[in-house]
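Remarks on the structure that follows.
The values are calculated or read from the model by the stated rules, or taken from the named source; none is laboratory data. Treat the numbers as computed from the prediction; the structure is a model and nothing was measured. Glycine also receives a Cβ, built like all others from the backbone with ideal geometry; neighbour counts cover every protein chain displayed. Areas reflect the complete protein model, heavy atoms only, side chains present, ligands, DNA and RNA absent. Shrake-Rupley method; radii C 1.70, N 1.55, O 1.52, S 1.80 Å.
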Amino acid sequence: MPRPLTKFESGKYYHVWTHAIDKENLFREKENYYFFLKKYEIHISPIAKTFAYCLMPNHFHFMIQIRENFLREPSKSFSNLLNSYAQAFNKMYNRKGNLFNSNIKRREIKEDAYFSRCITYIHQNPTHHGFIKDFEKWEFSSWNAFMSSKPTKIEKNAVLEWFGGLTGFQKDHQKFFGSEEELLFGI
């Protein structure tokens, strides 16, 4: 039986993710990743702060906090993001039909431990799924924003403060936290 969909609420933190349908890839080339992030900026940044993300060929993860007094319904904003990306992707690759699994999955982050584990899990995900041996080298992850001195739209200062600074952040990322099921469902 499917789990009921968690409603987005103002001020709360969420882990959000979705996959491509079947064995399809969401991102076939670098330009796809960049285009998706531009769409994310348009549709999601006005309604949510982003704490971590990772885009992989067939799925993505974000950790967000819904802004206070958001102007758009968050579910609608995510729907607009996925639909606009899928339409452009379909046009570019001369394909038809759905690209994403129905409904973006989300889980509210209520525990401090989940907050930490979620950020680390998101960054480690490319290694967990075998896309790359060292997650630190994955190009389409917020890990790079944390390692850079360049300005970023990621809530970098808040995250680093949470981990007690860059050293604590890096140390936490050297731990392996296990499977997606362990993270998501506490198994």
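A straight chain from residue 103 to residue 160 at 0.36 nm per residue would run longer than the Cα-Cα distance by 17.4 nm. Think of segment 1-132 as a dipole: +1 on every Lys or Arg Cβ, -1 on every Asp or Glu Cβ, centred on the Cα centre; then among 84, 37, 109, 84 lies furthest on the positive end. Put a plus charge on the Cβ of each Lys and Arg, a minus charge on the Cβ of each Asp and Glu, and nothing anywhere else: the dipole of segment 121-170 about its Cα centre is then about 100 debye. I need the shape label for the chain. Rule: rounded when a/c is under 1.5, else prolate if a/b > b/c, else oblate, with a, b, c from the alpha carbon gyration tensor. Judged from the Cα gyration tensor, the chain comes out rounded (a/c under 1.5). When you count the other C-beta atoms within 10 angstrom of each residue and take the mean per peptide, 78-85, 114-121 line up highest first as 114-121, 78-85. Give me the percent of accessible area attributable to carbon and sulfur for segment 1-134, probe 1.4 angstrom. Answer for segment 1-134: carbon and sulfur cover 51 percent of the accessible area. Once you order the gyration tensor axes a ≥ b ≥ c over the Cα atoms, which shape class does segment 55-100 get: rounded for a/c under 1.5, otherwise prolate or oblate by comparing a/b with b/c? Oblate is the answer for segment 55-100, as a/c is 1.5 or above yet b/c matches or exceeds a/b.
Solvent-accessible surface of the chain, averaged per residue with a 1.4 angstrom probe and all protein chains in place: 55 square angstrom. Only Lys, Arg, Asp and Glu carry charge here, each on its Cβ (+1 for the first two, -1 for the last two); on that basis the chain has a dipole of about 540 debye about its Cα centre. Overall form of segment 49-126: oblate. Here a/c, set by the Cα gyration tensor axes a ≥ b ≥ c, is 1.5 or more, and a/b is not larger than b/c.
For the listed residue pairs 38/110; 12/133; 30/76; 38/76; 91/150, the alpha carbons are over 25 angstrom apart in 38/110; 12/133; 30/76; 91/150.
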